[in-house]
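As structure tokens, the structure follows; a few thoughts come after it.
The values are calculated or read from the model by the stated rules, or taken from the named source; none is laboratory data. The shown structure was predicted, so the numbers you read here are calculated from the model rather than taken from an experiment. Reconstructed Cβ throughout: ideal geometry from the backbone, glycine too, with neighbour counts over all protein chains shown.
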Amino acid sequence: MDNKLILVVEDEDSLSTVFKFELENAGYDVLLEANGSKVMDIIKAKHPAVVLLDIMIPGLSGLDVLQAVVADPETKETKIIVVTTLNSTDRQQEYKTFGAAGFIDKVNMNLPDILKKIQEVMVTEPSTDIS
């Protein structure tokens with residue numbers, strides 16, 4: 001796995017551009033994708049260390065992508081951080097239940113918090129839970 005590769009799944013071009021610029025300046029390699037239906041193929045081909053995943057995207061929804069990634073033995077260890085404005089406590093718990101490694105609130109996000117969350121998720125060991 002390329003420990004410097006971040007896949008940003010975001011359909012707002014201006015936000016994707018900001019993510020790419022800031023993450024590259026922080027030393028990461030960045031891939032951008034706006035369509036949820038293409039994400040699984042990219043994850044399988046490129047093996048990103050972390051995926052920043054918007055929930056409301058065209059193609060497959062972010063939640064559908066999250067569930068598909070976790071269900072596939074080839075991709076289930078992929079670290080996914082949900083990035084969305086759908087930020088209620090219930091929603092955050094739902095994302096974690098479906099396998100998200102972290103959550104970022106788009107409304108209140110800032111670069112230091114995003115970088116901190118990425119670093120936290122990257123050092124987390126893969127799950128050994130077999131239940």
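Quick notes on this one:
- For K20, the requirement of being in contact with a helix residue (DSSP H, G or I) (Cβ under 7 Å, 6 or more places away or on another chain) and free of Cβ contacts under 8 Å to residues at least 24 places away in the same chain is not met.
- Candidate set: the stretch 105-131, residues that are aliphatic (A, V, I, L, M) and modelled with pLDDT under 90; chosen: the one nearest to T84 (Cα to Cα): V107
- The set of residues in the stretch 79-100 being farther than 16 Å from D54 by Cβ and polar (S, T, N, Q) consists of S88, T89, Q93, T97.
- Residue count for the stretch 28-79 under the criterion of being within 11 Å of E10 (Cβ to Cβ), among the charged types (D, E, K, R) and free of Cβ contacts under 8 Å to residues at least 40 places away in the same chain: the result is 1.
- Taken over the stretch 49-74, residues that are more than 18 Å from K106 (Cα to Cα) and touching a helix residue (DSSP H, G or I) at 6+ places or on another chain (Cβ under 8 Å) amount to 9.
- Residues being surrounded by fewer than 16 Cβ atoms within 10 Å (Cβ to Cβ) and either out of contact with any helix residue (DSSP H, G or I) (no Cβ under 6 Å at 6 or more places or on another chain) or among the aromatic types (F, W, Y) (or both) - total across the stretch 75-86: 1
- Residues located in the stretch 1-42, provided they are more than 15 Å from the chain's Cα centre (by Cα) and small (G, A, S): S14, A26, G27
- K44 meets all of the listed conditions (1) among the basic types (K, R); (2) exposed (fewer than 14 other Cβ atoms within 10 Å of the Cβ); (3) within 17 Å of K106 (Cβ to Cβ) but one, namely (3).
- For the stretch 29-48, residues that are in contact with a helix residue (DSSP H, G or I) (Cβ under 8 Å, 6 or more places away or on another chain) and farther than 15 Å from V70 by Cα total 5.
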